[in-house]
Amino acid sequence: MFQKSSLHYYEDGDIILIVQDTAFCLHRNYLSMASKVFRDMLSCVTSSTDKDLSRINITDTSPLVFEKFLTFIYPQNFVPITWDIISEFCQIGDKYEFASVLGAAETFLESHFYEKPLSSLILADRYLFKFIYKESSKLVLNRFHEYRQHSKFLLLSHKTRSALFEKYLDFTISITTICSLKKHKDFHHHSLCRLNNLSFTSHECEINDWYESFFERFRLLNSDTLLSPSKSMNVILKHLMEFWRDYVNRTWTECEYRFFNDYLSKQFIAHFGNFEPLKFEKSRRDAEHYIFIELKD
Ligand SMILES: [Zn+2]
């Protein structure tokens, strides 16, 4: 015997879905509109007389979750998504192609991912939520030494785990090798430099000195700053700003402008890769900067 669902047993329904010991009397139209999988499934189930409605067994969820799940089709009893049910929601939303449920899960994660970055990344990885993937990866990479030991870490796809390891390793190598960049200086002077500078050698020396002092600021970066990429990035950006401030009041020639504004930033980004704040903190002046990985199309 089944018990009738207290929330979703509609007397005028025309199909019965059985989840474990609970019966849901629902409407074919609503189910078909919300889900392509149900549309196909129901087209195979013949209509029957009112007294003996057709039944479909749903085996991969619990009555409680399914009841909440149906509130996206019958919104008068709407139940908001929470961390407790989101994983199962996504699972049936994906299996039965309920776009509205996956959309609601994505919306929930957009405003809650920072509470559980690893769980968010796992869901984003599995259900291809691009925005959540990038944002939660910032927080996971920022405490990677802890998250990689978490039992849930293995729930990430092999591809995502590899991408995280690669990004983190790249970053730690970049930090420890920043001074080696000095050896690869390939700055090109402005075409008029040699003509305009009476003493080109002293101009060249000056630029070399600036370059040295740029790297001098990073001398103190060491393994202490390696634990959290955002902390390292903060230290680095602080040094950068100080460097700019020291020279910003000079009147720059075209060549110097090219050196300070163009060349150094390019060098820097080429060495460290991209980093940015969390999207919702972007307008904060003191926002921390993070490294991240992205879902490719
Ligand atoms: Zn020059």
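Before moving on, here are some points about what is shown:
- Taking 0.36 nm per residue of sequence separation and removing the Cα-Cα distance, the Asp170/Leu195 pair yields an extension gain of 4.8 nm.
- At R0 = 30 Å, FRET efficiency that the Cβ-Cβ distance of Ser213 and Glu276 yields, to 0.05: 0.65
- Applying a DSSP loop filter and a limit of 14 other Cβ atoms within 10 Å to the trypsin sites (Lys or Arg not before Pro) in segment 14-105 leaves Lys51.
- Estimated from helical segments only, the mean residue ellipticity of the chain at 222 nm is -15500 deg cm²/dmol, where each DSSP H run of four or more residues counts as -39500 (n - 2.57).
- Segment Arg250-Arg39, extension gain: residue separation times 0.36 nm, minus the distance between their alpha carbons: 68.9 nm
- Gyration tensor (alpha-carbon) shape descriptor, segment 159-211, a/c threshold 1.5: prolate
- Three principal axis lengths of segment 3-115 [C-alpha, angstrom, descending]: 51, 27, 25
- Only lysines eight or more places from Lys68 in sequence, or on another chain, were considered; those with a Cα closer than 30 Å are Lys4, Lys36, Lys51, Lys95, Lys116, Lys130, Lys134, Lys152.
- Built amide H within the under 5 Å cut-off of Ile15, gap 5+: Leu26, Arg28
- Between Cys205 and His145, the distance separating the two model label sites (each 7 Å from Cα on the Cα→Cβ line) works out to 4.4 nm.
- Between Ser54 and Trp83, the C-beta separation translates, for a Förster distance of 41 Å, into a calculated FRET efficiency of about 0.70.
- Sorting Lys296, Lys167, Lys231 by the number of Cβ atoms found within 10 Å of their own Cβ, with the fewest placed first, yields Lys296, Lys231, Lys167.
- One chain, two ends: Phe268 and His188. Fully extended at 0.36 nm per residue, the span grows by 27.2 nm beyond their Cα-Cα distance.
- Cross-linked pairs Lys185/Lys238; Lys238/Lys279; Lys138/Lys183; Lys183/Lys282: Cα-Cα separations exceed 26 Å for Lys138/Lys183; Lys183/Lys282.
- Computed as a quarter of the hull surface, the mean projected area of the alpha carbon convex hull for the chain stands at 21.4 nm².
- Note that segment 166-281 shows a convex hull volume over its alpha carbon atoms of 124 Å³ per residue.
- For the pair segment 247-272 / segment 120-189, the C-alpha centres are spaced 28 Å from each other.
- Angle in degrees between helix 229-247 and the longest Cα principal axis of the chain, rounded to the nearest 10: 40
- Mean separation of Cα contacts under 8 Å (6+ apart) over length of the chain, as relative contact order %: 14
- The ranking of Ile132, Ile81, Ile58 by Cβ neighbour count inside 10 Å, starting from the fewest, reads Ile58, Ile81, Ile132.
- Relative exposure of Tyr114, Tyr147, Tyr133, judged by other C-beta atoms within 10 Å (fewest first): Tyr114, Tyr147, Tyr133
Read the figures in this text as sums done on the coordinates, not as results from a lab. It should be emphasised that the depicted structure is a prediction, and the values quoted were computed from it without experimental measurement. For neighbour counting, all protein chains shown are included, and Cβ atoms are generated from backbone atoms with ideal geometry for every residue, glycine included.
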